[in-house]
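Here is the structure we will look at.
The values are calculated or read from the model by the stated rules, or taken from the named source; none is laboratory data. None of these values were measured; they are calculated from a predicted model. Backbone-built Cβ (ideal geometry, glycine too); neighbour counts: all protein chains shown.
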């Protein structure tokens, strides 16, 4: 189960790319979900791919192998009822 | 009720694989398919996954470079309008052919009214494209070539590889109307250098009516969105997104219909396109062989065994109007065919059949040899009775 208080997300230019990414990541037996895009992100489609933060590198490699482009990665954290979304860098 | 012998498959296939009807039924009855890309709940995501899987199948069928380059529309007419009006401008010269359907011609005529120029490649006495015309018609402002893969009147197929190479050589955009060939003839967008392929789902792909699409090739093209509206994202932008496939998919998709189309593509995959193609050619030539010597018959197109074609046989009987002949076939023999001009005015002008029209028999993989023989025998009887 992905930690709902602290996780990684990948944004995509289209929902179709998000769905294609989900299929690739699930195929690789890695946990992920498509969830609504956080309001803090202005780029991308309406859906983002939620993953374990520790899996982000592996997920990006999978997407790169299948030539699925993304609109950036973010770290999402909930603390004291506040949600922060920050660009993620390895 | 008298049995219906259906030979109007170029208009729409009447008999579909059972799995197509079941898929549409379950798409609604199971209550699991919502509006794709409109949320992260299971119903919305189920619909999104269904459409994405269908994009992948479609890209494979057409040899398209990328599933993301496949967009779904209501039919080939919608696809052609979205493409021609979204891509071409009043400054462009377009080369097309006299075999085109009004789904191509009328959008082009609208562009012509705005200033665009159109030139037409002709055909020989058998309806085969006159290929030297492509070079002859080329102008400095020529931007695109628009051809149908197979004529809906003669069934004869264009040599897409030749035309695609011509387009690449001269830097032209190559647009193909595959209404009569998708699911019948092999299409390889990469090998044939096709930039845009427009298709319908309800003919030889055996999907429900109200399905179709656009498949883009590997060269980037700048389209203006023709139909705009909700996209599910970028909701605060005034401009509609131009990413594929959203570019052509404003509003809610026909997910229930696409579930059926997906089952239609599965049917083609299981049966094999090559096997279907061979079967349809056999049916067509068997029919042709049995009717070619009927006194007074006039046949249109080339029936040489080495000519690629869609399963279409268009004909006239001397002394008959095509409407009267088709009605007699229906009333006396329960045979369903299509008379008239088939929405393809230029090829009828070429053959001089503007007034009489033609009677078109068109077959599907659900037609049997017995049905073909019955149709040929019935036509002969009518001709002999006068």
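With modelled with pLDDT under 95, out of contact with any strand residue (DSSP E or B) (no Cβ under 9 Å at 6 or more places or on another chain) and farther than 27 Å from residue B:306 by Cβ as the only criterion, which of B:237, B:266 stands out? Reasoning before the result, please.
Values: B:266 fails: modelled with pLDDT under 95.
B:237 is the lone residue from the list that is modelled with pLDDT under 95, out of contact with any strand residue (DSSP E or B) (no Cβ under 9 Å at 6 or more places or on another chain) and farther than 27 Å from residue B:306 by Cβ.
Being surrounded by fewer than 17 Cβ atoms within 10 Å (Cβ to Cβ) and farther than 30 Å from residue B:248 by Cα, is that true of even one residue in segment A:35-50?
no
In segment A:11-34, what residues are free of Cβ contacts under 8 Å to residues at least 12 places away in the same chain and either more than 8 Å from chain B (Cβ to nearest Cβ) or crowded, with 23+ Cβ neighbours inside 10 Å (or both)? Write out each step before concluding.
Taking segment A:11-34 as the starting set, the residues that turn out to be free of Cβ contacts under 8 Å to residues at least 12 places away in the same chain are A:16, A:23, A:26-27, A:29.
Listed by number, the residues that qualify are A:16, A:26, A:27, A:29.
Based on this model, can you work out whether residue B:347 counts as in contact with a helix residue (DSSP H, G or I) (Cβ under 7 Å, 6 or more places away or on another chain), on the phi < 0 side of the Ramachandran plot and assigned to a helix (DSSP H, G or I)?
Numbers: in contact with a helix residue (DSSP H, G or I) (Cβ under 7 Å, 6 or more places away or on another chain): no; on the phi < 0 side of the Ramachandran plot: yes; assigned to a helix (DSSP H, G or I): yes.
For residue B:347, the condition - in contact with a helix residue (DSSP H, G or I) (Cβ under 7 Å, 6 or more places away or on another chain), on the phi < 0 side of the Ramachandran plot and assigned to a helix (DSSP H, G or I) - is not met.
Report yes if some residue within segment B:223-230 is within 14 Å of chain A (Cβ to nearest Cβ), surrounded by 12 or more Cβ atoms within 10 Å (Cβ to Cβ) and more than 20 Å from residue B:77 (Cα to Cα); otherwise report no.
yes
Counting residues that are within 14 Å of chain B (Cβ to nearest Cβ) and at pLDDT 90 or above, which strands (runs of 3 or more DSSP E) fully inside segment A:35-90 reach at least 3? Show your work before the answer.
Working: elements: A:47-51, A:73-79, A:82-87.
Of the strands (runs of 3 or more DSSP E) lying wholly inside segment A:35-90, those with at least 3 residues that are within 14 Å of chain B (Cβ to nearest Cβ) and at pLDDT 90 or above span A:47-51.
Which condition does residue B:71 not pass, out of (1) under 25 Å from the mean Cα position of the chain (by Cα); (2) more than 10 Å from every other protein chain (Cβ to nearest Cβ); (3) not in a helix (DSSP H, G or I), if it passes all the others?
Among (1) under 25 Å from the mean Cα position of the chain (by Cα); (2) more than 10 Å from every other protein chain (Cβ to nearest Cβ); (3) not in a helix (DSSP H, G or I), the lone unmet condition for residue B:71 is (2).
Residues being part of a helix (DSSP H, G or I) and either touching a helix residue (DSSP H, G or I) at 6+ places or on another chain (Cβ under 7 Å) or touching a residue at least 60 places away in the same chain (Cβ under 8 Å) (or both): count how many of those fall in segment B:352-376.
First pass over segment B:352-376, keeping only residues part of a helix (DSSP H, G or I): B:369-376.
Narrowing further to those that are either touching a helix residue (DSSP H, G or I) at 6+ places or on another chain (Cβ under 7 Å) or touching a residue at least 60 places away in the same chain (Cβ under 8 Å) (or both): B:369, B:371-376.
Residues in segment B:352-376 being part of a helix (DSSP H, G or I) and either touching a helix residue (DSSP H, G or I) at 6+ places or on another chain (Cβ under 7 Å) or touching a residue at least 60 places away in the same chain (Cβ under 8 Å) (or both): 7 in total.
Of the residues in segment B:25-52, how many are within 11 Å of chain A (Cβ to nearest Cβ) and either under 17 Å from residue B:260 (Cβ atoms) or exposed (fewer than 15 other Cβ atoms within 10 Å of the Cβ) (or both)?
9
If you scan segment B:55-64, which residues turn out to be more than 8 Å from chain A (Cβ to nearest Cβ), surrounded by 20 or more Cβ atoms within 10 Å (Cβ to Cβ), more than 12 Å from residue B:269 (Cβ to Cβ) and in contact with a helix residue (DSSP H, G or I) (Cβ under 8 Å, 6 or more places away or on another chain)?
Passing the criteria: only B:64.
With B:73, B:128 as the choices, which residue is touching a strand residue (DSSP E or B) at 6+ places or on another chain (Cβ under 8 Å) and over 20 Å from residue B:226 (Cα atoms)? Can you show your working first?
On the way: B:73 fails: over 20 Å from residue B:226 (Cα atoms).
None of the others qualify; the one that does is B:128.
Applying the selection to segment B:198-218, what residues are under 16 Å from residue B:249 (Cα atoms) and crowded, with 24+ Cβ neighbours inside 10 Å? It would help to see each step written out before you state the result.
Narrowing segment B:198-218 to residues under 16 Å from residue B:249 (Cα atoms): B:198-201, B:210-216.
B:198, B:199, B:200, B:201, B:211, B:212, B:213, B:214, B:215, B:216, listed by residue number.
Answer yes or no as to whether residue B:279 is within 23 Å of the chain's Cα centre (by Cα) and either outside any helix (DSSP H, G or I) or closer than 18 Å to residue B:12 by Cβ (or both). Show your work before the answer.
On the way: within 23 Å of the chain's Cα centre (by Cα): yes; either outside any helix (DSSP H, G or I) or closer than 18 Å to residue B:12 by Cβ (or both): no.
Here the answer is no, as residue B:279 does not meet what is asked.
Can you list residue pairs whose Cβ atoms sit under 7 Å apart, with the first residue in segment B:309-330 being without any contact (Cβ under 8 Å) to a residue 12 or more places away in the chain and the second being assigned to a strand (DSSP E or B)? Count only pairs 6 or more apart in sequence or on different chains.
B:330/B:336
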